[in-house]
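The values are calculated or read from the model by the stated rules, or taken from the named source; none is laboratory data. All figures in this text were calculated on a predicted structure; none of them were measured in a lab. No Cβ is skipped: glycine too gets one built from the backbone with ideal geometry, and neighbour counts run over all protein chains shown.
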Amino acid sequence: MVAAVIFEGRIPPGLDDSKRLTADQRESLFDLILAKATVSVAVASRARIDRMNILRASLWAMSRAVVALARRPDHVLVDGNMEPPNLPCPCETIIGGDGLSVSIAAASIVAKVTRDRLMANVGRAFPDYGFERHMGYSTPEHFEALREHGPCPYHRQSFAPVREQQLILGL
């Protein structure tokens with residue numbers, strides 16, 4: 001899940017690296033960002049990640065988010081050290097960018113809130129896995145659910161613990 005954000009006018013106060021904010025702060029900022037910016041969200045599907053690997057799929061999704069913006073950007077700032085392919089304008093990579101650029105911070109917040117909402121829905125559909133709590137991250141709870149219940153349709157086949165469980169279960 002990635003997002004692209006172009007601010008138009010005033011930037012909402014309180015933007016920061018999404019990892020430094022509480023879930024409630026991200027939710028509040030999410031609505032402010034949507035009200036004050038042009039926003040696009042793109043998702044790399046489980047199948048795409050399995051096919052390309054998570055890094056290449058993330059870069060692909062970044063390009064998709066930028067291209068899908070209702071307004072073409074003049075310049076793209078990307079968190080990290082790799083440029084996404086096929087961008088329609090110049091790009092600058094910034095390591096730790098979500099703590100240094102309000103645009104990157106806003107995109108990070110939008111992506112994380114959108115992902116968290118999706119994972120809450122997945123958690124309701126598959127309550128044995130705790131997706132609404134660990135959001136798909138590699139946590140002891142997540143690993144225990146995989147051991148106990150095996151993978152569900154939302155697990156990536158390329159995720160090492162899923163492959164391991166499939167071998168154990170003979171799938």
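Couple of notes before you dig in:
Yes or no, residue by residue, for (1) at pLDDT 95 or above; (2) within 17 Å of MET135 (Cβ to Cβ); (3) buried (at least 16 other Cβ atoms within 10 Å of the Cβ):
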| residue | (1), (2), (3) |
| --- | --- |
| ARG10 | no, no, no |
| ALA23 | no, yes, no |
| GLU27 | yes, yes, no |
| ILE33 | yes, no, yes |
| THR38 | yes, no, no |
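- Only one entry in ASP24, ASP98 is assigned to a helix (DSSP H, G or I), under 29 Å from ARG156 (Cα atoms), assigned by TED's automatic domain parsing to the domain that holds THR114 and in contact with a strand residue (DSSP E or B) (Cβ under 8 Å, 6 or more places away or on another chain), namely ASP98.
A quick yes/no check of all residues on (1) part of a helix (DSSP H, G or I); (2) in the same structural domain as SER18 (by TED's automatic domain parsing); (3) more than 17 Å from the chain's Cα centre (by Cα):
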site	(1), (2), (3)
THR93	no, yes, yes
VAL113	yes, yes, no
LEU118	yes, yes, no
ASN121	yes, yes, no
GLU132	yes, no, no
TYR137	no, no, no
LEU146	yes, no, yes
PRO153	no, no, yes
ARG156	no, no, no
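- From TYR137, TYR129, residue being under 23 Å from ARG26 (Cβ atoms), buried (at least 20 other Cβ atoms within 10 Å of the Cβ) and modelled with pLDDT under 95: TYR129
- Enumeration of residues in segment 61-111 that are acidic (Asp, Glu) and surrounded by 23 or more Cβ atoms within 10 Å (Cβ to Cβ): ASP98
- Verdict on PRO73 being assigned to a loop (DSSP other than H, G, I, E, B) and touching a residue at least 60 places away in the same chain (Cβ under 8 Å): yes
- When the criteria are applied in full, MET52 meets the requirement of being under 28 Å from GLU132 (Cα atoms), without any contact (Cβ under 8 Å) to a residue 12 or more places away in the chain and touching a helix residue (DSSP H, G or I) at 6+ places or on another chain (Cβ under 9 Å).
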